[in-house]
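No value in this document is a laboratory result; all are computed from the given coordinates. Just so you know, these numbers come straight off a predicted model, no measurement behind them. Don't worry about glycine lacking a Cβ; one is built from the backbone with ideal geometry, like all the others, and counts go over all protein chains shown.
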Amino acid sequence: MKMALHFSSACSFGLSQKRVDKIKAVASDGFVKVKSDEDNLVKLGGSDLKLTKLGIGAWSWGDTSYWNNFEWDDRKMKACKNAFDASIDSGITWFDTAEVYGSRFSFGAINSETLLGRFIKERKKKYPEEEIAVATKFAALPWRLGRQSVISALKDSLSRLELDSVELYQLHWPGIWGNEGYIDGLADAVEQGLVKAVGVSNYSEKRLRQAYKQLKARGIPLASNQVNYSLIYRIPEENGVKATCDELGISLIAYSPIAQGILTGKYTPQNIPTGPRGNIYTADFLTELQPLINRIKEIGQSYDKTPTQVALNWLIAQGNVIPIPGAKNEEQAKEFGGALGWSLTSDEVNELRDLASKSKPVMGFPVEKL
C-alpha cells in the first residue's frame, strides 16, 4: 500500500474497451494529438480491458506525510500536472490513485484523486477524444463494514475524480475483518456499471485465492493484485503471489517498481534520500547495493537507456507484470516511457537478479503475510 508509511507505494489502469493505440505525440496546429498502436497494450487479467504496459502511480500527488519534503505548494502541483500531460504524450495513459493518497486521513495537503480528476478535466477540454484510464482504491478501515461501504467509498472517489466510472477499483489492503463483504462490494460495483474491472492490493497467496473464488462465483474475474515488487524487493516471487497470479490469470501490478527512486542511480552512500526514505535506504544499504547499481548503469549504456528504464524493463521481462512508477514531474514521466519498446536479454535479466540477491530486501507492507 502507500499510506503515510514507508510501506512502498501501492499501487493502475485499464484503458477502455475501445481500441486504444500506442500514443505518439503529433504536432498539429500547435497542439499535441494522439495516435495509437495495439502493441503498446496488455489485457488486464481476465477482464476485457486493455491498458498500456506501464502505468503512472499518483501516491505522491498532494501528499505531505511521506513525499514532497512534507510541503505542498503551487509549484509542486504544476509539476504534477506536467507529469500527467507528459505521461500521456509519452504513451502512458492510465493512472493509479487511492482515496487515502493526499487525504486528511493520511495528513496530506490535497487528495490525489481530486488532482487527477482536475488534470483529466483540463486535458479533455483540449483533446476530448483521448482515452485516459483511472484506477483507484478502497481503504479497508476497521469501521467500514459490509458491501455497501465499498459502494459508498467508490461513489465518494468518483465525486472527487469528477467521473461517472473508473476502469479499475481495488481493495487497498485486506481488512481486519469484513473481507467477504468487501469482495461482494467489488462485484456489486461492476454490476452497477461503476467500474470496468476490479482488483486487490497487498494480498497474500491465500487471500488472493479466496478473493478469486468468491468473485468467480459471481461471474466476475479478479483482474489484478497490486503489490510491492522491484529488482530489490522480490518477495512476490518468494511468497507464492507471483506464481498464483500467473496460474489464475491475474495481472500483477508492481508498485514501487524502482524502489522509491533507489534504482535510478541518483542516490549513493554519500547522498541518501531525504525524508522518511532516508531511514530505510541508509548509507550502509546503498553501499551494499552499489555493485548492482553500477551494473544496471553499464547495461543501460549498451542500450542507450537510463538505470530507471533498465529497472522497469527488468520487471516487464518477468511476464504478467505491469509496473506503475510514480511521476512527480515532466522529466520523470518522459523517462518512464523509455522503458517500453525494447527488451533485456535473458542473460541480463538473470545477471541482475543474481546481483540483487546479494542485498537484503527492505521492509514491505505488513499485511503481505496475512
statement: Given 77-84, 351-358, the highest-first ranking by average Cβ count within 10 Å works out to 77-84, 351-358
field: HN-Hα J in Hz across region 157-168 - Karplus 6.51, -1.76, 1.60, θ = phi - 60°, x for Gly and Pro
entry: 4, 4, 5, 5, 6, 6, 10, 8, 7, 10, 6, 9
query: Where Lys and Arg each count +1 and Asp and Glu each count -1, what net charge lies around W314 among other residues with Cβ under 13 Å from its Cβ?
result: -1
- request: Treat region 266-351 as a sphere of radius equal to its Kirkwood radius over Cα pairs and apply Stokes-Einstein at 37 °C in a medium of 0.692 mPa s; give the translational diffusion coefficient in µm²/s, rounded to a whole number.
  value: 233 µm²/s
- prompt: For region 90-102, what does the Karplus curve 6.51 cos²θ - 1.76 cosθ + 1.60, with θ = phi - 60°, yield as ³J(HN,Hα) per residue in whole Hz, taken in order and with x for Gly and Pro?
  reply: 8, x, 10, 10, 10, 10, 10, 9, 6, 5, 8, 5, x
field: Computed E for E122/Q148 - FRET, C-beta separation, R0 35 angstrom, nearest 0.05
entry: 0.60
query: Once you list every other residue whose beta carbon is under 12 Å from the beta carbon of K43, what net charge do they have if Lys and Arg are +1 and Asp and Glu are -1?
result: 0
message: Starting from the 7 Å offset along Cα-to-Cβ, what nm value, one decimal, do you get for the label separation of D73 and S343?
response: 4.7 nm
message: Give me, ordered by chain and number, the residues 5 or more places off Y229 or on other chains with an amide H under 5 Å from its own placed amide H.
response: Y255
query: At T287 and S357, where each label point lies 7 Å from the Cα along Cα→Cβ, what is the point-to-point distance in nanometres?
result: 2.5 nm
- request: Would you kindly state how much longer the chain becomes between N279 and A243 on full extension, computed as 0.36 nm times their sequence separation minus their alpha carbon distance, in nm to one decimal?
  value: 9.8 nm
task: Taking each pair of different alpha-carbon atoms in region 74-219 once, compute 1/r for the pair, average those values, and report the inverse of that mean as the Kirkwood hydrodynamic radius in Å to one decimal.
output: 16.0 Å
